[in-house]
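The values are calculated or read from the model by the stated rules, or taken from the named source; none is laboratory data. Please read these numbers as outputs of a predicted model, since none were measured by experiment. Here the Cβ is made from the backbone with ideal geometry for all residues, glycine too, and neighbour counts use every protein chain on show. What goes into the accessible areas is simple: the full protein's heavy atoms, side chains included, and nothing from ligands, DNA or RNA. Shrake-Rupley method; radii C 1.70, N 1.55, O 1.52, S 1.80 Å.
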Amino acid sequence: MKPVTQFTLNHKYIITFPTFALLALLIFTFNNIYKYGSLKSRCSSQLLPSQTEADLIVLLWTWPFSSHFPLNQCPKPFNNPRCFFTDDRSWYLKANAVIFHHREVCSSKSQMPQIPRPEGQYWVWFNLESPKHSPNLDFMDNLINLTMSYKSDSDIFTPYGWLEKKDVSQNFTIPAKSKLVAWTISNWDPTSKRVKFYMELKNHISVEIYGREHRNVSKDKLNTVLSSYKFYLSFENSIHTDYITEKLWMNALQSGTVPVVLGPPRSIYEKFIPSDSFIHVDDFPTAKDLANYLLELDKQPLKYEQYFKWRSRLQPVGKVKWEIYYCKACLALHKAPSYRTIPSLSKWYT
């Protein structure tokens, strides 16, 4: 009888083991589905692209100045049509476009992709620095398809600021003024045009300076401090076409003071802001003449207030987040010109 019993036990074991194995597999699968969700929901949560959600895949080759910001959260009016943004370089071969921020790739060509470019993939060159502070532009010769910069003739125009029309006209309240002229500067170069002009101007009018090696003020309080001044010196560190930076948009216009600008010609400024919203140093033969005009305005409130008339219908946008620039790139890529390669960035970026 024993042999029969032994056979029966083995037979049961052979039948039972596969059953338990199958049951364990089912439990494991169920637990994973319960824990992570279905494959479709997982892809959706990671914002993987699909033809119904995003027509273009855009790869950020680097983060600008290592500044990270939310991806795939474009606000209106930049949220349609959509793009899928990623910084994962494993998407390189699938990407419709790759955006290169100049500062992170300008030190060596080895910072650029070292494998062949997929056919039809757009390489976008992004830079907000002036030509003077943009080294090794020749690294990009015959590589770039689209430009993205503050220059108005860029394929993707990304200025430091702009004006938006108000829905309805409304009075603007000029911030209370108790001081005359302010300037902030961090890079003091005695050979620069702006420092040389200041050295002459200070002989005729008092200018209070903030920044490195001057008066200290925190960034979060800067606009409040500057708003108490009647005039702000929006002096650019170098002179180039369309190079109009936060010195105008943030420090002056956002603070509610009158900008005194030193940069490209007046005609360039007037492409972006009203002619009666600023004072240009080129409007005066000498720094002394400019100083006399500012002192005159200080004594004539009604004449000074004319520099704020435009604010009843227009609103300055000066603090532009990185994600807005990339969202603008998405819109432009959907309307990208015919595929071509730019032979020389340095000849254009002047």
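The three principal axes of the C-alpha atoms in segment 180-298 carry coordinate ranges of 34, 30, 30 Å, sorted with the longest axis first.
The accessible area of Ile115, taken with all protein chains in place and a 1.4 Å probe, comes to roughly 90 Å². Ordered from largest to smallest accessible area (heavy atoms of protein chains, 1.4 Å probe), the residues Trp63, Trp310 come out as Trp63, Trp310.
Within the same chain, aspartates and glutamates fewer than 8 places from Lys94 are excluded, and of the rest, those with a Cα less than 13 Å from its Cα are Asp55, Glu119. Using the Cβ of His68 as centre and a radius below 14 Å, the other residues enclosed give a net charge of -3, where K and R count +1 and D and E count -1.
Each Cα pair under 8 Å and six or more residues apart adds its separation to the average, and for segment 160-218 the resulting relative contact order is 36 percent. Each residue of segment 93-100 is assigned a 3J(HN,Hα), and the resulting list reads 6, 9, 5, 7, 8, 10, 9, 10 Hz, derived from the Karplus form 6.51 cos²θ - 1.76 cosθ + 1.60 (θ = phi - 60°), x at Gly and Pro.
Put simply, the amide H of Ile144, placed in the peptide plane, has neighbours under 5 Å in Ile342, leaving out anything fewer than 5 places away on its chain.
Counting only protein chain heavy atoms and rolling a 1.4 Å probe, the accessible areas of Lys328, Lys151, Lys179 rank, largest first, as Lys179, Lys328, Lys151.
Listed by chain and number, the aspartates and glutamates whose alpha-carbon sits under 12 Å from that of Lys328, ignoring those within fewer than 8 places in the same chain, are Asp155.
For segment 52-199, rounded, prolate or oblate, judged on the Cα gyration tensor with a ≥ b ≥ c (square roots of eigenvalues), a/c < 1.5 rounded, else prolate if a/b > b/c? It comes out oblate by the Cα gyration axes.
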